[in-house]
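The values are calculated or read from the model by the stated rules, or taken from the named source; none is laboratory data. Here the structure is a predicted model, which is why all the values come from computation and not from measurement. Note: ideal-geometry Cβ built from the backbone for every residue, glycine included; neighbour counts use all protein chains shown. Only protein heavy atoms, including side chains, enter the accessible area calculation; ligands, DNA and RNA are left aside. Shrake-Rupley method; radii C 1.70, N 1.55, O 1.52, S 1.80 Å.
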Amino acid sequence: MQKKILSVCSLLFLSFLSINCQDQREKKQKQDKETVSLESSFEDDFYVGAALNDGHIDGSDTLGLKLLRNQFNTITPENVMKWMYVHPQRDTFYFDTSDKYVALGNDNNMHVVGHALVWHSQLAEWMNQVKDSAEMATILKEHISTIVKQYKGKIDAWDVVNEALNEDGTLRESNFYNVMGDSYLELSFKEAAKADPDAQLVYNDYNLWKPEKRAGVVRLVKKLQESGAKIDGVGMQAHWSLLGPDIEDIENSIIAYSELGVKVMFTELDVTALPNPWDLNGAAVEQSYEQFEGDPTMNPYPNGMPDSIQTKLAKRYEDIFKLFLKHKDKISRVTFWGVQDGQSWLNGWPINGRTNHPLLFDREYSPKKAYDAVIDLKKKN
Ligand code: XIL
C-alpha cells in the first residue's frame, strides 16, 4: 500500500515537473517572440536599419515608428536630405524636415546616416546650370560644410558621393564631372572630413557586385586615399531581385572593398519578386517603361504574393544574410530601403502603379516568412 502511494506521488510530481517545464518553454517562446528583433539578433554583427519617409519623420505613421523602434537601430532618410530639398536655391538651405529626422534618430539612440551630399539625381535644377569649375568648387564646399556642420556629432555617417560611376566602372559624366573632372570627388570627401572629422564618410552606388564596376570603385577609393582624403566605407545599395545578383559576385565585392581598408555597408537593401523590363527579351533599358503601366503580366501579385513566392523570397534573404554573417567582420551596417512593403519605392519604379513585396514586413506591418528566415539564422548559431 505504502509503495503504491509512493509511486502515485512520484508520478504526480513528475507530471507537475513536466507541466512546469512546458509552461516555462511556452513562456520563453512568447518572450522570444516579443523581444527578438532584427536589432537584437544582429547586435554583435552589424547595425540593421531602414530608410525613413515623411510619415515617420512627422510622426503620422505610428505603426511604422513602432516597428522602427522595435526592430532597427540605424536610419537613413529616403528623400528629405537630398540636394533639391535641403539646398533648393543657391542661398537657401532648408533644414526643418531634416532636423526632425536627425532628432528622431538621436532621441532613439540610433546610428544616424545622412544621404546624400553629392548626387546627380534629385539635384536642385540651379546646380545643373553651373558651368564654371571655380564657382562649382565654391558651391560644393559651401553645400557640404553647411550641411555637415549643421549635424556635427549628430549624424554618424554620410553618403558623401552617390553614384559617380557608370556600369563599366568609368566615371559618370554628371555635371559635376563635366565641369570639374574627377577633382570633385576629392574635394567633396575632404570638405566633409573638415566639417565633421568624426563622421564616417562613405562612397555609395548600385550594382557594386559587377566586376567592372567593382574595379571602378577600387580605383576611385585608391585615388581618394592617395590624395590624402578620408574615406571610411563603400555603400553597396543592394537593390536586388530573386534572380540575382549571384552571392559569389556580392562576396567578391565585399572582399575587394574590405581589402582597401574600408568597411562595407549594405545601404538600400530590397529584393524584388516582380519582373523587370530589362529581364524581358527585347526590352532595352533605354526604352520608356510607361508602355508597361497597367500591364498585368508586369504586376503579377496585386493582392499579395502566393506562398510559393514568399518561400522563394525567404530563401533569397536567408542566402543573403548568411553571406553577411560570414563576412560580419567586414560589414558595419545593413539598411533596408523602407520599413514595410507598402512604402517601398519599388511600387512606383521602374514601372508606376505596381504592388511590390520586397521587404521583411508586409503592408499590415507584420513580419513575413523572409523575416523569420533571417531571424532563424541567428537562432541556429
Ligand atoms: C529613391 C527614393 O526611394 C524614391 O522615393 C525617390 O523618388 C527616388 O529615389 N538610389 C538611391 C536612393 O541612392 O536615394 C534612391 O531613392 C533609390 C536609388
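Scattering from region 182-341 was approximated by placing one identical point on each alpha carbon and applying the Debye formula without solvent; log10 I(q)/I(0) at 0.12, 0.18, 0.20 1/Å stands at -0.64, -1.14, -1.27.
Estimated translational diffusion coefficient (Stokes-Einstein, Kirkwood radius over Cα pairs, 4 °C, 1.567 mPa s) of region 107-212: 90 µm² per second. Protection proxy ranking, highest mean first, for peptides 159-167, 243-251, 258-266: 159-167, 258-266, 243-251, where packing is the per-residue count of other beta-carbon atoms within 10 Å, averaged. For TYR289, the solvent-accessible surface computed with a 1.4 Å probe is close to 40 Å², ligands and nucleic acids excluded.
To the nearest 10, the accessible area of GLU39 is 60 Å² with a 1.4 Å probe.
The stretch between ASN128 and MET84 holds 14.7 nm of extra length on full extension. This uses 0.36 nm per residue minus the Cα-Cα distance. The modelled label-to-label distance for the pair ASN175/GLU248, using points 7 Å beyond Cα in the direction of Cβ, is 4.3 nm. Rolling a 1.4 Å probe over the protein heavy atoms gives the chain an accessible area of 47 Å² per residue. Out of every Cα-Cα pair that region 309-381 contains, those further apart than 15 angstrom amount to 59 percent. Remark: the GLU293-ARG219 segment gains 22.7 nm on full extension, using 0.36 nm per residue and subtracting the alpha carbon distance. For region 43-380, the C-alpha radius of gyration sits at 0.97 times the compact-globule guess of 2.2 N^0.38 Å, with N the residue count.
Taking the protein heavy atoms of the chain in the context of the full set of protein chains, the accessible area attributed to carbon and sulfur is 50 percent at 1.4 Å.
When the listed pairs LYS149/LYS328; LYS149/LYS222; LYS100/LYS154; LYS154/LYS223 are checked against a 21 Å cut-off, the alpha-carbon distance exceeds it for LYS149/LYS328; LYS149/LYS222; LYS154/LYS223. Only protein heavy atoms count here; under a 1.4 Å probe, PHE336 has an accessible surface of about 0 Å². Long hydrophobic helices in the chain, taken as whole DSSP H segments with a C-alpha length of 20 Å or more on their own axis and mean Kyte-Doolittle hydropathy at least 0.0: 133-150. Structure shown: which of LYS66/LYS379; LYS210/LYS330; LYS66/LYS194; LYS131/LYS152; LYS82/LYS190; LYS66/LYS210 lie over 28 Å apart, alpha-carbon to alpha-carbon? Beyond 28 Å between Cα atoms: LYS66/LYS194; LYS131/LYS152; LYS66/LYS210.
Taken along the Cα-to-beta-carbon direction at a fixed 7 Å, the label points for THR35 and GLU226 span 5.3 nm. For the peptides 120-132, 136-148, the ranking by packing is 136-148, 120-132, with the highest mean count of neighbouring Cβ atoms within 10 Å listed first. Applying 0.36 nm per residue to the separation of TRP278 and TYR365 and subtracting their alpha-carbon distance, the gain on full extension is 28.3 nm. Restricting attention to region 43-380, close to 10% of DSSP beta bridges with both partner residues there are antiparallel. Restricting the calculation to alpha carbons of region 162-223 gives Rg and Dmax of 12.1, 34 angstrom.
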